[in-house]
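Here the structure comes first, spelled out in structure tokens, and everything after it is commentary.
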Amino acid sequence: MKTFPLMSLGAMAFSHACVALVVCLALFLAPNALMAPATLLVEPGLGTRQIIQKMRESGQLREPFGMIILSHLLNAPLQAGEYQVRPKQSSASIFGMLWRGEGVLRQLTIPEGLTSYQIVHIINTAPAMVGQITTLPPEGSLLPETYRYSYGTSRYDMMQTMQQHMQKTIAHLWEKRPSNYPLQTMQHFVTLASIVEKETGVAAERARVAGVFINRLRMGMKLQSDPTVIYGLSEGKGFLDRPLLRKDWLHQHPINTYVIDGLPPQPIANPGLAALQATLSPETHDLIYFVADGTGGHVFASNLKDHNTNVAAWQKINAKKNSP
């Protein structure tokens with residue numbers, strides 16, 4: 001009977017282990033078999049083996065052992081999130097992506113001039129977030145811009161981020177206001193900016209519109225801003241399903257600047273950065289009236305006679321637009 005020295009058996013075992021290790025490493029570095037990018041959702045609480053099984057079943061992973069070994073050696077679980085696995089991406093690359101938590105970043109764009117009601121609706125219906133916002137934040141406390149978020153982000157946390165951005169923006173702008181700025185508080189500043197935001201979408205007009213309202217405040221005139229009427233009629237939703245009527249100007253509401261003096265007690269929307277900046281640097285002029293010009297902008301006047309002429313011109317344009 002032939003025998004093998006113990007040294008030879010040990011050498012053979014070592015040799016086989018080396019071969020297995022080389023094969024395992026080669027597979028760990030080899031590309032996967034995907035033909036197109038695939039989304040991988042890793043729910044919170046999934047263990048490494050569960051994640052690996054999920055990827056193997058979908059063809060996103062070629063070799064599992066390297067992931068298991070590395071995860072054990074590094075004592076770091078793979079992170080929950082939404083990931084994009086590319087065709088020909090290696091198991092090593094996928095492991096690094098999951099280990100570092102380099103998930104897909106989504107975007108949520110909040111347009112300028114929406115009410116808090118409208119913004120909360122956008123957040124509550126945004127995909128891949130968790131939780132629901134059930135209490136509206138104060139009007140004018142959310143900064144409209146584009147926000148990035150990942151799978152599983154809390155909707156409440158997203159709202160808080162918007163509030164923090166607005167607080168920082170307002171504080172920064174208010175600190176640099178002119179020494180002769182006519183408004184006394186940040187609240188008044190944001191309230192006027194919200195009206196300016198709703199009155200015009202033309203960038204070049206914002207500072208001029210702000211100047212009109214500053215002039216009216218100084219003269220003790222009512223601001224007579226249609227968006228404040230709409231805000232009251234819509235109960236803060238910010239839109240009507242019908243045109244504004246003359247009788248609406250008499251609607252008794254604490255936001256309606258046709259019936260109250262001065263600024264409303266709160267903003268009527270969430271103004272964007274451009275409207276905030278324009279309101280902080282209003283144009284100096286003697287204009288106190290403006291009306292739509294039919295092209296998306298406005299014509300301005302410093303007296304009632306010229307304003308009435310402009311209104312008549314607008315009424316002709318509007319009638320022509322609406323004629324059959």
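Quick note: the coordinates plus some simple rules give every number you see, no bench work behind them. Everything numeric in this text was worked out from a predicted model, so none of it was measured. Note: ideal-geometry Cβ built from the backbone for every residue, glycine included; neighbour counts use all protein chains shown.
The figures follow:
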| item | result |
| --- | --- |
| The stretch 34-103: proportion of alpha-carbon pairs further apart than 15 angstrom, % | 45 percent |
| For the stretch 189-206, 3J(HN,Hα) per residue [Karplus equation, 6.51 cos²θ - 1.76 cosθ + 1.60, θ = phi - 60°, Hz, x = Gly/Pro] | 4, 5, 4, 5, 4, 5, 6, 4, 4, 7, 7, 8, x, 8, 4, 5, 8, 4 |
| Sequence of ILE317, ILE255 once ranked by neighbouring C-beta atoms within 10 Å, starting from the fewest | ILE317, ILE255 |
| Virtual spin-label span in nm between VAL311 and GLU82, 7 Å along Cα→Cβ | 5.1 nm |
| Candidates per trypsin sites (Lys or Arg not before Pro) in the stretch 168-235, loop by DSSP, up to 12 other Cβ within 10 Å | LYS176 |
| Extension reserve of the ALA204-GLN224 stretch, reckoned as 0.36 nm per residue once the Cα distance is removed | 5.1 nm |
| Sum of -39500 (n - 2.57) over DSSP H runs of 4+, divided by residues of the chain (222 nm, nearest 500) | -14500 deg cm²/dmol |
| In order through the stretch 265-276: 3J(HN,Hα) via Karplus (6.51 cos²θ - 1.76 cosθ + 1.60), integer Hz, x for Gly, Pro | x, 7, x, 10, 6, 10, x, x, 4, 4, 5, 4 |
| Interchain or long-range residues, amide H under 5 Å from VAL291's placed H | VAL299 |
| Label-point gap, in nm, between THR125 and GLN164 - each point 7 angstrom along Cα→Cβ | 2.8 nm |
| Cα centroid separation, the stretch 197-266 to the stretch 63-97 (Å) | 56 Å |
| Estimated FRET transfer efficiency (LEU245, LEU73; beta-carbon r; R0 51 Å; 0.05) | 0.10 |
| Chain lengthening between SER234 and ARG49 when straightened (0.36 nm per residue, less Cα-Cα) | 61.3 nm |
| Vicinal HN-Hα couplings computed from phi for the stretch 277-283 (Karplus, 6.51 cos²θ - 1.76 cosθ + 1.60; Hz; Gly/Pro x) | 5, 5, 5, 7, 10, x, 5 |
| Per principal axis, descending, Cα span of the stretch 106-166 in whole Å | 27, 22, 18 |
| Spacing of the two label points (7 Å from each Cα toward its C-beta) at ALA292 and LYS321, in nm | 0.4 nm |
| Against the rule of thumb 2.2 N^0.38 Å, how large the Cα Rg of the stretch 179-322 comes out | 1.01 |
